[in-house]
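Below is one structure, written out as structure tokens; comments come after it.
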Amino acid sequence: MSVTGVKVDPQCVELFNDLKMGHNYKYIVYAFNKDKSRIIVERVGQDDELTYREFIKSLPENECRYVVFNFDFEHSYMGTGITAKCERILLLLWCPSTARIREKMLFASSKLTIKKALEGVQVEVQGTDFSEIDYDTVYEKATRNLRF
């Protein structure tokens, strides 16, 4: 539980584990419930054809969201000319600067709670505007610690 008392709904963890173990989903979007006491699943996507660039366009411009995204990409082995398909489980912490101050405070103080619940995230990216979560930024973070 966070310092704010916000709890993570068990379905959040169940669906995350499904994504992590079986890659049944492309993404999971989490939001606060109406009374702001729980983090719940807002929507789930299974479309493997959906690109990260297309997905981020669907994020709300004025509301915070926690997102898990199965980020797949091609990566070149340095100096070899070999390219491999890779994927990383991304935790996107979307808190736009245009969100209400109270929501931003609740989001920030509940961040550790959701991170602890979602064990196995490989890359974490925080964003307050779309330029901070664009494909190139996420790709750079996803490939930073790749070992070949």
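The values are calculated or read from the model by the stated rules, or taken from the named source; none is laboratory data. Quick caveat: nothing in here was measured; it's all calculated off a predicted structure. Quick reminder, even Gly has a Cβ in these numbers, built from the backbone with ideal geometry, and neighbours come from all protein chains shown.
Quick check: anything in the stretch 10-19 at pLDDT 90 or above and assigned to a loop (DSSP other than H, G, I, E, B)? For the stretch 10-19, residues at pLDDT 90 or above and assigned to a loop (DSSP other than H, G, I, E, B): absent.
The residues of the stretch 117-126 that are in contact with an Asp or Glu (Cβ under 9 Å, 6 or more places away or on another chain) and surrounded by 15 or more Cβ atoms within 10 Å (Cβ to Cβ) amount to a single one, V125. The condition of being among the hydroxyl-bearing types (S, T, Y) and free of Cβ contacts under 8 Å to residues at least 40 places away in the same chain holds for S97. Being of a type outside the set (G, A, S), in contact with a strand residue (DSSP E or B) (Cβ under 6 Å, 6 or more places away or on another chain), at pLDDT 95 or above and not in a helix (DSSP H, G or I) is a description that does not apply to Y25.
As for the stretch 30-50, it holds no residue that is under 24 Å from N145 (Cα atoms) and out of contact with any Pro (no Cβ under 7 Å at 6 or more places or on another chain).
Per-residue answers, yes or no, for (1) within 18 Å of N17 (Cα to Cα); (2) under 14 Å from the mean Cα position of the chain (by Cα):
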| residue | (1), (2) |
| --- | --- |
| E87 | yes, yes |
| E103 | no, no |
| E119 | yes, yes |
| V125 | no, yes |
| E132 | no, yes |
| D136 | no, no |
| K141 | no, yes |
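Of all residues in the stretch 8-20, those that are free of Cβ contacts under 8 Å to residues at least 60 places away in the same chain have Cβ atoms under 7 Å from Cβ atoms of residues that are crowded, with 18+ Cβ neighbours inside 10 Å and of a type in the set (A, V, I, L, M), 6 or more apart or on another chain, in D9/I39; L15/I28.
To keep it simple, each residue is scored yes or no on (1) among the small types (G, A, S); (2) out of contact with any helix residue (DSSP H, G or I) (no Cβ under 8 Å at 6 or more places or on another chain).
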position	(1), (2)
C64	no, no
N70	no, no
G79	yes, yes
C86	no, no
L118	no, no
G127	yes, no
D136	no, yes
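Checking each residue in the stretch 117-133 for being outside any helix (DSSP H, G or I) and closer than 18 Å to I28 by Cα picks out L118, E119, G120, V121, Q122, V123, E124, V125, Q126, G127. Scanning the stretch 14-33 for residues that are over 15 Å from F107 (Cα atoms) and crowded, with 16+ Cβ neighbours inside 10 Å gives L15, F16, L19, K20, Y25, K26, Y27, I28.
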